[in-house]
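Every number in this text was worked out from the coordinates using simple rules, so none of it is lab data. Values in this document were obtained by computation on a predicted structure and should not be read as measured data. All Cβ positions, glycine included, derive from the backbone under ideal geometry; neighbour counts span all protein chains shown.
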Amino acid sequence: MAILGPVTLETSANGTDTRNTISQINSSYAALSDLYAAEKACADPLACQLSQPANSVYSFETVSYDVQKRYYRLAKTLVVNLDLEETVSDIANLDLAALLKLVERAREMVPAVRRGAATYRDAIFIYATGVSESCTVSYTAAGKEIPDACRNLETALTDLYKTGRPYTLPETGERRLRKILALAQEAATKSAWELGDDRRRALVFHLDKACDVAFELQTVGDDPAGQADACGQTAKPGAVSKARGELLGQFGS
């Protein structure tokens, strides 16, 4: 969502399209919030007691489908906006090859769309650090030797963000972040991993930036929207996204 949302917003053709995309993002926020709530309610399905019909672990798969459906709609809008040849399902499922093509296509567009490529790079870092931390903590807590895949990922992250190494690997010319993504995917197979609440909030920040830029675009240019909606932190009266607030509330303190 952090990758699809900003690119879809910034490629919207007019005010009405922008408002529709903002509505899709808010709808995605609401579905994600429901998914977190389902995970927390009756976490033990063998001892779950519901006094009345309610969202719970028993509805997790259904609510998960609702989330996927909303990602699919965002991806479908993006395919139309950028005239992409990639299938909607590949982009909605964050297929690596499809996303790399998407980013390359975005770079060919107007400079404003490059925010999508920048967000993609930040999302790789957020994902990779989550995998690295989870892998290290789980093996250390178990008193076991940390796998090479986890150590390689940690080394790559350190080289990029602490030692100031070149952005491109000198021996192969490969972009260092692309290498980090491959290492993170390998390390993710070694242990259960999670982003954690801090990284989830970091991803929402990227959506906030794009949403706040798009807010004013709804009422200017061709085909302006009748009223402006918000999906970010815009402080206009009544404009702050309630769905965003509910999702952040699921992340804890």
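The table for this structure:
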item	result
Net charge of neighbours whose Cβ lies under 11 Å from the Cβ of Asp208, counting Lys and Arg as +1 and Asp and Glu as -1	+2
Under Karplus coefficients 6.51, -1.76 and 1.60, residue-wise ³J(HN,Hα) of segment 61-76 in Hz, glycine/proline x	5, 5, 5, 4, 4, 4, 5, 4, 4, 6, 4, 4, 5, 4, 5, 4
Cα-Cα over 32 Å, subset of Lys144/Lys179; Lys190/Lys242; Lys179/Lys209; Lys76/Lys162; Lys144/Lys209	Lys190/Lys242; Lys76/Lys162; Lys144/Lys209
Gained length - Lys144 relative to Tyr161, 0.36 nm times residue gap less alpha-carbon distance	3.4 nm
Counted charge near Asp34, where neighbours are those whose Cβ lies closer than 15 Å (Asp, Glu -1; Lys, Arg +1)	+1
Packing rank of 36-48, 188-200, 4-16, where each peptide gets the mean count of other beta carbons within 10 Å, highest leading	4-16, 188-200, 36-48
